[in-house]
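S.K.: Provided herewith is a single structure, encoded as structure tokens, for subsequent inquiry.
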């Protein structure tokens with residue numbers, strides 16, 4: 001009898017484990033494991049969702065024109081080069097589906113977002129992991145890994161879970177030196193946290209081999225609605241629109257995202273608060289003997305002496321009602337990723353780690 005089996009590569013994908021939101025037997029839990037905006041969505045986005053409830057019996061628009069035009073206006077982009085998806089995750093998956101397959105290779109870095117490998121395997125392609133230099137994307141390593149089989153290169157800038165990023169000149173060098181037929185995908189999930197950074201949008205406008213993805217899940221505080229977008233050459237947008245579901249975004253999601261992207265004052269407030277408490281937390285942890293690289297995102301990667309110390313600290317924090325993210329699956333077993341929360345959360349986690357380190361002595 002013929003056995004029903006999935007396509008090659010799919011069973012090599014480990015089931016994703018999301019960040020926890022509760023601890024058994026512990027009250028007053030603070031979740032700092034999923035890089036969520038501690039202030040939530042803007043009031044205008046919340047109001048947009050309340051209004052959208054009245055029309056939930058209607059199908060949403062398929063062209064996402066209202067949201068695309070809003071994004072284009074706020075970021076000074078071409079709306080015809082924008083496509084929207086169910087978070088940037090869907091768009092990363094669609095690009096893998098469209099441009100990579102059996103016999104092809106997809107390059108990502110050793111501490112890069114886990115979804116890149118998943119997308120490659122789901123498309124039947126081979127993921128190729130390249131080294132970073134002290135937790136920073138290494139352009140030369142990426143270029144050295146590219147072959148005639150390479151079809152996609154994924155990099156997050158700033159990167160998750162390291163928080164580090166490379167400059168525009170290095171991104172340009174990478175884009176210009178990639179082999180023909182290789183698409184460079186710049187994951188800009190955390191771009192809004194970097195003052196004056198466009199996530200790579202201008203590179204998209206001057207090159208045919210660059211795509212930028214963005215999300216409403218981070219600084220916009222809309223992770224629960226799953227909304228993302230990409231900016232790409234028009235031929236790539238045409239491909240994505242041919243394979244995405246016509247009703248992939250709900251009316252509520254579209255309304256919330258349009259309101260959120262137009263509320264630029266709220267976004268700036270969130271960026272400034274994040275920068276303030278990110279710097280404070282990094283300095284406080286360094287004072288306790290816990291270093292971290294300069295982060296440009298809404299989290300820091302706290303480094304410990306080894307895996308056992310990181311595990312012990314994580315267990316101690318859980319007992320204190322603090323949930324952070326272990327990142328052993330990102331080849332960083334000696335580190336914990338800590339989301340930047342509000343003032344109270346930052347002070348609480350810094351105090352707890354200080355107590356843990358003092359208890360070691």
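Just so it is clear, none of the values below were taken in a lab; they were calculated from the coordinates. In this text the structure is predicted, and so the values were computed from the model without any measurement. Backbone-built Cβ (ideal geometry, glycine too); neighbour counts: all protein chains shown.
S.K.: Could you tell me what percent of the DSSP beta bridges with both partners in segment 43-262 are antiparallel, to the nearest 5? It would help to have the intermediate numbers written out before the result.
M.R.: On the way: 9 of 26 bridges.
Antiparallel bridges: around 35 percent, rounded to the nearest 5.
S.K.: Hey, with R₀ at 45 Å, roughly what FRET efficiency would residue 268 and residue 4 work out to, going by the Cβ-Cβ distance, to 0.05? List each step's numbers first, then the result.
M.R.: Details: r = 53 Å, r/R0 = 1.17.
E(calc), rounded to 0.05, equals 0.30.
S.K.: While we're here: Could you give the Stokes-Einstein D for segment 256-361 in µm² per second, using the C-alpha Kirkwood radius, 4 °C, 1.567 mPa s? Please report the intermediate quantities before stating the final value.
M.R.: Values: Rh = 14.5 Å.
D = 89 µm²/s.
S.K.: Contour minus end-to-end for residue 28 and residue 131, with contour as 0.36 nm per residue of separation and end-to-end as the Cα-Cα distance? Show your work: numbers first, answer last.
M.R.: Details: separation 103, 0.36 × 103 = 37.08 nm, distance 3.96 nm.
So the chain would gain 33.1 nm between residue 28 and residue 131.
S.K.: Computed on alpha carbon atoms, what radius of gyration and Dmax characterise segment 168-215, expressed in Å?
M.R.: Spelled out, the Cα radius of gyration and Dmax of segment 168-215 are 10.7, 32 Å.
S.K.: Report the extension gain between residue 334 and residue 65 in nm, rounded to one decimal, defined as 0.36 nm multiplied by the number of residues separating them, less their alpha carbon distance.
M.R.: The residue 334-residue 65 span can extend by a further 92.3 nm.
S.K.: Here is a follow-up. Over the alpha-carbon set of segment 43-262, divide Rg by the Kirkwood Rh and report the Rg/Rh ratio to two decimals. Intermediate values should be presented prior to the final figure.
M.R.: Working: Rg = 17.0 Å, Rh = 17.6 Å.
Expressed as Rg/Rh, it is 0.97.
S.K.: Based on the alpha-carbon gyration tensor of segment 86-156 and its eigenvalue square roots a ≥ b ≥ c, which shape applies: rounded if a/c is under 1.5, prolate if not and a/b is larger than b/c, or oblate?
M.R.: Details: a/c = 2.30, a/b = 1.30, b/c = 1.77.
Note, shape of segment 86-156 comes out oblate.
S.K.: Given labels modelled 7 Å from the Cα in the Cβ direction, how far is it in nm from residue 312 to residue 79?
M.R.: My value for the distance between the label points is 5.9 nm.
S.K.: Take the alpha carbon gyration tensor of segment 154-274, find the square roots of its eigenvalues, order them as a ≥ b ≥ c, and report rounded if a/c is under 1.5; if not, report prolate when a/b exceeds b/c, else oblate.
M.R.: Details: a/c = 2.19, a/b = 1.20, b/c = 1.83.
Oblate shape, in that a/c is at least 1.5 and b/c is the bigger or equal ratio.
S.K.: Can you sort 64, 111, 57 by how many other beta carbons sit within 10 Å, fewest first? Before the final figure, lay out the partial values.
M.R.: Details: 64 26, 111 23, 57 6.
So the ranking, lowest neighbour count to highest, is 57, 111, 64.
S.K.: Moving to a separate point now. How high is the FRET efficiency from residue 51 to residue 147, r the C-beta distance, R0 35 Å, rounded to 0.05?
M.R.: Details: r = 52 Å, r/R0 = 1.47.
About 0.10, to the nearest 0.05.
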